[in-house]
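Throughout, read-outs are computed from the coordinates displayed, never taken from laboratory work. Only a predicted model underlies this, so the values are computations on that prediction, with no experimental measurement involved. Neighbour counts are summed over all protein chains in view; Cβ atoms, including those assigned to glycine, are modelled from backbone coordinates with ideal geometry.
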Amino acid sequence: MDNLDYLKLELERSLLLLDSDAAEAIIKKSMMAGDTYSVTGDLISATLGHIGDLWEKGNLSLSQVYMSGMICEKIIENTIPPHVVLKPGQPRMAIGVYEDYHMLGKRIIYAVLKASGYELIDLGGGLSDDDLIGVVNREKIEVLLLSVLMLPSALHIRNLKNKLGNSGLKLVVGGAPFRIDSELWKEVGADFCGKDAAEALEIITKISGNS
Amino acid sequence: MKRQAMTPKERVSLTLSHQEPDRVPLMLSLTMHGARELGLSIQEYFSKAEHVVEGQLRMQQKYGHDFLNPFFYSALEVEAFGAEVIYSEDGPPNSGRPLLNDISDIGKLHPVDVRKSGVLYKMLRAIELLKEKTKGAIPIMGSVTSPFSLPVMQLGFDKYFELIHFNRKCFDQLMGINESFCVDWANAQLSAGADAIGYADPVSSPTIIPRELYAETGFQIARRCISKIRGNVATNFASGKCLPIAGMIMQTGTMAVVVSAQEDLAELKKTFGKKLALVGNLNGLEMRRWNTETTFHSVKEAILKAAPGGGYILSDNHGEIPFQVPEAVLMDVAAAVKRYGQYPITNQ
């Protein structure tokens with residue numbers, strides 16, 4: 001795509017202004033000029049990643065990250081056939097909220113990964129150990145992304161990890177306690193911790209070998 | 001020269017007027033730890049006002065901190081609206097599925113009569129009993145969730161963001177219900193004997209919403225509510241940052257602000273000056289792993305940055321210390337504030 005940096009800036013501006021029509025126009029225009037993977041990866045995913053970075057640095061707010069992800073998810077649903085956008089060779093992935101119902105973080109990561117061409121099962125919220133062990137086995141999940149809001153839930157992940165055993169499953173965690181205590185993810189035995197959407201995307205890209 | 005020892009009330013009162021008391025006041029935001037003191041489960045503990053009163057008094061005796069904290073748990077308020085609460089063995093009771101399934105359900109939300117709610121009565125009774133037993137010598141900190149932040153438990157964060165951005169009519173309707181509840185709830189606590197009210201407003205933090213959006217929403221709501229609360233208010237962003245909105249916070253009528261561990265106390269002190277007192281900002285989550293050395297270092301550093309001149313209360317950065325923080329760390333915090341917090345503050 002020509003003018004990629006310009007398009008990213010324009011898309012970011014539209015998303016932060018919540019102008020979904022303008023964002024959709026930029027994406028459609030890019031689709032005509034480039035291939036689908038470039039649009040989802042180099043444009044949408046990179047833009048959402050940059051918005052996540054700006055939040056991490058304190059220059060944007062969580063609501064802006066969330067609304068940007070939602071807008072992109074809807075545009076992709078409306079403009080790109082599902083089979084065209086998927087990245088090849090990706091692991092079987094699922095995402096959910098462990099033990100409570102605060103869905104925001106999960107929705108942001110889900111939207112950003114979907115917008116970047118990844119397919120993942122949305123397990124919803126209020127998930128128990130039994131729910132997760134069942135779904136991991138039944139769906140042969142290789143990467144499990146878990147979001148938590150409360151410290152006790154984060155600490156319970158250690159027990160869940162033990163119950164899941166050494167199946168080769170990669171456990172990626174995120175949520176407020178992990179942002180405030182940077183050592184916590186290691187303490188609970190997670191394989192990766194994504195502090196924001198940009199980091200989650202980076203981790204999944206690395207695990208999938210789709211750099 | 002060491003100053004004459006003061007009561008917690010005298011100490012807090014002087015520091016809030018930006019003068020130096022005998023030593024830096026300590027606010028240990030202990031809620032669930034009272035259950036451990038009494039050998040009860042967290043659910044049993046919060047089932048009776050008398051348990052919370054006994055727990056608070058025992059902990060104040062043990063650590064010698066300067067506040068009593070009759071706060072039960074955040075979800076208490078949505079429980080009063082009819083929401084489900086999920087109890088945990090090792091954490092605060094949490095709100096379950098959001099009370100409202102959809103934005104369209106806002107019209108079905110019934111206002112809560114604060115004085116007739118059995119759920120809220122427990123906390124009011126705890127405040128009354130604490131006041132009675134301590135005869136006013138130790139400040140009692142009441143607590144409300146701001147009308148602007150309560151919808152996170154009423155609707156869920158995601159739907160609430162969409163409401164703020166795309167449906168101002170329903171947003172205003174919900175704020176009308178919540179503002180009336182918040183003011184009534186705060187004033188009922190003050191009437192029961194609370195000395196001040198913590199106004200928990202995490203959604204207003206720039207970590208969560210942009211400054212411009214705060215200016216037209218959370219800021220206006222805080223200003224309206226705080227003006228109607230008949231007592232002193234301390235605003236708490238529950239670990240969220242506040243520096244980018246400092247100018248507006250100073251206009252809300254709050255007298256103090258609970259600050260995040262993610263912002264520098266020295267910068268906060270410089271920004272708020274003598275206009276607002278600072279409360280914070282020990283990292284409650286990391287506190288689980290602290291030893292005596294890290295505890296003393298953290299307390300000393302906070303005191304050196306924020307305590308000179310008064311206007312500073314040493315506390316955690318969230319308004320609730322995790323259940324997993326061990327008693328030994330809390331004892332160390334209490335010892336460290338006595339060692340480093342004597343006025344005049346020196347780097348010794």
- Long-range amide H partners of B:MET6 with built H, under 5 Å: B:ASP22
- Report the charge-dipole magnitude of the protein assembly as shown in Debye, nearest 20, computed about the Cα centre from +1 at each Lys and Arg Cβ and -1 at each Asp and Glu Cβ. 1600
- Note on the structure: Filtering trypsin sites (Lys or Arg not before Pro) in segment A:36-115 by DSSP loop and by at most 10 other Cβ atoms within 10 Å leaves A:LYS57
- Task: Treat each spin label as a single point 7 Å out from the Cα along the C-beta direction, and report the B:GLN251 to A:GLU77 distance in nm.
- Result: 3.9
- Note on the structure: Contour minus Cα-Cα span, A:ASP5 to A:LYS195, at 0.36 nm per residue, comes to 65.9 nm
- Top of B:ASP201, B:ASP158, B:ASP264 by mean-square fluctuation, Gaussian network on chain B, Cα under 10 Å: B:ASP158
- Note on the structure: FRET efficiency for B:ARG230 and B:LYS274 from the Cβ-Cβ distance with R0 = 30 Å, rounded to 0.05, comes out at 0.80
- Item | Where trypsin sites (Lys or Arg not before Pro) fall in DSSP loop in segment B:75-150, at most 13 other Cβ within 10 Å | B:LYS135
- Label points 7 Å out from Cα along the Cβ direction at B:HIS297 and A:GLU202: separation in nm? 2.6
- Task: Pull out a ≥ b ≥ c, the square roots of the eigenvalues of the alpha-carbon gyration tensor of segment A:130-211, then state rounded if a/c is under 1.5, prolate if not and a/b is larger than b/c, and oblate in the remaining case.
- Result: oblate
- Message: Can you compute the modelled spin-label distance between A:ARG13 and A:ASN162, with each label point 7 Å from Cα toward Cβ, in nm?
- Response: 5.5
- Message: Please list, ordered by chain and number, the residues whose modelled amide H lies under 5 Å from the amide H of A:CYS193; skip anything fewer than 5 residues away on the same chain.
- Response: A:VAL173
- Task: Quick one: net charge around A:GLU183, please, counting Lys, Arg +1 and Asp, Glu -1 for every other residue with C-beta under 11 Å from its C-beta.
- Result: 0
- What shape does the protein assembly as shown have by the C-alpha gyration tensor, where a ≥ b ≥ c are the square roots of the eigenvalues, rounded means a/c under 1.5, and otherwise prolate means a/b greater than b/c and oblate the rest? prolate
- How much net charge surrounds B:LEU190 when only the other residues with a Cβ under 14 Å from the Cβ of B:LEU190 are counted, with Lys and Arg +1 and Asp and Glu -1? +1
- Query: Mind listing which trypsin sites (Lys or Arg not before Pro) in segment B:274-348 are in a DSSP loop and have 16 or fewer other Cβ atoms within 10 Å?
  - Reply: B:LYS274, B:LYS275
- Task: Pop out the ³J(HN,Hα) list for segment B:34-45 in order, Karplus 6.51 cos²θ - 1.76 cosθ + 1.60 with θ = phi - 60°, rounded to Hz; leave Gly and Pro as x.
- Result: x, 4, 5, 4, 8, x, 10, 6, 4, 5, 5, 4
- Residues whose placed amide H lies under 5 Å from that of A:LYS170, excluding near-sequence neighbours: A:VAL143, A:LEU144
